[in-house]
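Student: First the structure, then my questions, so here it is.
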Amino acid sequence: MDSRVIGRRVRYWRTRRDLSRAQFADRCERSVSWVDKIEAGERALVRLPMLERVAAALDISVAALTEDDTAERAAQCLDAVEVQALRTALGSYDTILGRRTGRDPDLARLRAQVDHACSAWLSSRFAVMGRVLPDLMRQAQAAVHALDGAPRLEATRHLVMTYRLASSTLLKFETTDVAWLAADRAITLASESDDLICLARATRSVARAMAQSGQLRTALDVLITMADRMEPELAGDPELVSLYGMLLLPAEIAAASDGDAATATALHEQADAVARTLGPGYAHRTTAFGVTNVALHRLAALVRLHDGAAALTYARSIDPEALAVLPRERKANFLLDLAEAHRQTGNTQDAGRVLLQADRVAPEEVRCRPVARQLLGQLLGQPGAPPLPQLRQLALRVGLPA
């Protein structure tokens, strides 16, 4: 093992865990100078007991320090420590009960941090989400409870967005109970504010948590009810129109997942008409709502209706240039749906090629998420033509038997 590589990984995880050099040294029962030498690669971790102590201090496996594939995957994914940090932040009642944080809220800083988290989400940077969301949540909670009037409304919108990002991230990892808690926090706060932007964002989160737990019709009803409430208030406001459209899209997916093709088609047509009022090249900065994202959701709906052939036909109508400018998260999920459509038609070779393309676009979506790992396992185990060699290599990287 190269001591410099190990040292870089130690430093990465110490920083990711937000540990100072002194704190980490205390956990390892060593000096700060020892930490400096380890991280610089000047001193090697050659004995297993010391490796185990360092790994335990960082709450990671020894393999995350010593094995390349495991280290790469661990660096890309949300882990159990960060899920617990989100759970703890969501379960805290300090600010709700009026406890002061000791500093005045800085709305400009909060706004910038929320924008950073949104960018990380659209880039599928799960490790960033896990690191920044708990503290961002606490800051936004404190701002909501310290401010009044228009500043309080802005802080409320930031907090609802933070809850939504937490819920969406956790749903990707199928941590539904914590995701639902985040969504419930969002809808409770949004209801108190009676602000359409907050309510639309929170409703999406609640509905997605419902859908992932199998309550598809309830999720559909919630989304349609909120869309109906918003419709008279749109008045050409692109922000509200985009949020309205983003209620229709998960409603389409919920209907398709429930086997209701007619409702899914009607919701797609409605969302497409809404997107076209915003112009052919429009894509909302945080939701990517627009004509192309509507098309991607149609493909996803056809896949959930188990109509892979129709999905593949529809995919050919999606403009490659418009797709290319979408965020990584959207492109990767389009490719995952396209790979599943190929699998449904029995074309494992093309399914594998598309899955490998998704891994190049956003490896976090393929190597971290259970749904992608399940698809990879299905392709490796499906009878017919042997899997692509690169697919077997990918399986080894994600820890699946090849």
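The values are calculated or read from the model by the stated rules, or taken from the named source; none is laboratory data. Computed from a prediction, not measured in an experiment: that's the story for all the values here. Neighbour counts are summed over all protein chains in view; Cβ atoms, including those assigned to glycine, are modelled from backbone coordinates with ideal geometry. Surface areas here come from the heavy atoms of the whole protein model, side chains and all, with no ligands, DNA or RNA. Shrake-Rupley method; radii C 1.70, N 1.55, O 1.52, S 1.80 Å.
Student: Can you tell me which of (1) more than 30 Å from Ala146 (Cβ to Cβ); (2) without any contact (Cβ under 8 Å) to a residue 40 or more places away in the chain; (3) open to solvent by less than 30 Å² (accessible area, probe 1.4 Å) is the one Ala22 doesn't meet?
Tutor: Among (1) more than 30 Å from Ala146 (Cβ to Cβ); (2) without any contact (Cβ under 8 Å) to a residue 40 or more places away in the chain; (3) open to solvent by less than 30 Å² (accessible area, probe 1.4 Å), the lone unmet condition for Ala22 is (3).
Student: Can we say Ser191 is surrounded by fewer than 17 Cβ atoms within 10 Å (Cβ to Cβ), of a type in the set (Ser, Thr, Tyr) and touching a residue at least 12 places away in the same chain (Cβ under 8 Å)?
Tutor: The answer is no for Ser191.
Student: Turning to a different aspect of this structure: Of these, Gln382, Gln393, Gln374, Gln344, which one is on the phi < 0 side of the Ramachandran plot, surrounded by fewer than 16 Cβ atoms within 10 Å (Cβ to Cβ) and in contact (Cβ under 8 Å) with a residue 12 or more places away in the chain?
Tutor: Of Gln382, Gln393, Gln374, Gln344, the one residue that is on the phi < 0 side of the Ramachandran plot, surrounded by fewer than 16 Cβ atoms within 10 Å (Cβ to Cβ) and in contact (Cβ under 8 Å) with a residue 12 or more places away in the chain is Gln382.
Student: Starting from residues that are open to solvent by 60 Å² or more (accessible area, probe 1.4 Å) and not in a helix (DSSP H, G or I), keep the ones in the range 103-141 and report whichever is nearest to Gln76 (Cα to Cα).
Tutor: Arg125
Student: Of all helices (runs of 4 or more DSSP H) completely enclosed by the range 1-94, which ones contain at least 3 residues that are more than 27 Å from the chain's Cα centre (by Cα)?
Tutor: 3-16, 21-28, 32-40, 48-58
Student: Exactly one condition in (1) open to solvent by less than 30 Å² (accessible area, probe 1.4 Å); (2) among the basic types (Lys, Arg); (3) over 23 Å from Gly245 (Cβ atoms) is not met by Lys172; state its number.
Tutor: Checking Lys172 against (1) open to solvent by less than 30 Å² (accessible area, probe 1.4 Å); (2) among the basic types (Lys, Arg); (3) over 23 Å from Gly245 (Cβ atoms), the one that fails is (3).
Student: What residue, among those in the range 305-341 that are basic (Lys, Arg) and under 20 Å from the mean Cα position of the chain (by Cα), is most open to solvent (accessible area, probe 1.4 Å)?
Tutor: Arg328
Student: Look through the range 254-289, keep the residues that are touching a residue at least 24 places away in the same chain (Cβ under 8 Å) and on the phi > 0 side of the Ramachandran plot, and return whichever of them is most open to solvent (accessible area, probe 1.4 Å).
Tutor: Only one residue tops the list, namely Gly259.
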